[in-house]
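First up is the structure itself, then whatever we jot down about it.
Coordinate-derived values only; no laboratory data. The structure displayed is predicted, hence computed values, not measured ones. Positions of Cβ are generated from backbone atoms using ideal geometry, with glycine treated the same way; all protein chains shown enter the neighbour counts.
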């Protein structure tokens with residue numbers, strides 16, 4: 001009641017009231033929710049469902065609908081391994097739309113619900129649509145074309161590698177990105193954490209300019225010096241070098257890279273994946 005009074009007094013556009021989460025609701029809690037609804041008279045009453053809770057969330061959604069009514073659902077924890085099949089059941093029992101989805105803990109990870117992405121997720125076909133959206137937000141088209149040119153000419157350097165890893169890190173956890181790619185969801189236990197990124201950054205920045213441009217071979221003595229300068233062991237440097245060469249070769253060998261200009265749109269992705277979008 002005090003929050004509503006303050007919001008009206010200060011002229012706030014939006015007031016969000018979050019109630020205690022429950023998997024099993026008793027009468028006392030339901031009475032509390034009914035009373036809160038009377039006091040607040042909300043324009044939107046959203047049911048928040050954890051994608052991993054399955055049919056338990058469906059039961060709670062049904063009870064919420066009967067007792068207080070809902071205007072829509074927010075589906076959270078979509079960055080996990082659950083396929084969120086309960087989303088269909090929740091939509092059915094509430095007869096209200098799924099409005100938003102949460103795919104992480106950051107503000108940017110809260111987004112409008114995308115039914116086509118959810119259909120692909122439930123069918124185990126990844127979430128390429130949201131992956132492309134994320135990529136378009138963080139990768140500049142001009143820079144992307146310059147990167148492709150470097151790939152074609154085999155001039156991709158450690159500096160380029162570090163820059164691209166930084167952009168990918170901003171898109172979200174590496175494991176959550178893997179889950180968006182068809183067929184790679186099972187690799188979600190792999191991750192490129194902040195700690196790993198800082199280690200990679202320290203190693204590359206400990207190289208000389210010529211070493212980063214691959215003009216000087218990274219001999220054992222050089223790798224030992226780099227390890228000492230970056231506070232890691234030689235094995236860490238070896239892993240980075242191996243990973244860099246593998247990614248460089250993989251990008252160089254991509255058969256359709258030369259045909260693609262900038263980031264692919266949905267139609268290009270459809271052709272790449274050889275699948276018919278529903």
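Observations on the structure shown:
- Sorted by Cβ density within 10 Å, fewest first, the residues 204, 74: 74, 204
- Three-way shape label, the stretch 2-113, alpha-carbon gyration tensor, a/c 1.5: oblate
- By other beta-carbon atoms within 10 Å, ranking 15, 33, 209, 75 with the fewest at the front produces 209, 15, 33, 75.
- Gyration tensor (alpha-carbon) shape descriptor, the stretch 20-74, a/c threshold 1.5: oblate
- Cβ-Cβ FRET estimate between residue 62 and residue 163, R0 fixed at 51 Å, reported to 0.05: 0.55
- Per-residue Cβ neighbour rank within 10 angstrom, fewest leading, 91, 210: 210, 91
- A simple spin-label model places pseudo-atoms 7 Å from Cα toward Cβ; at residue 92 and residue 238 they are separated by 5.6 nm.
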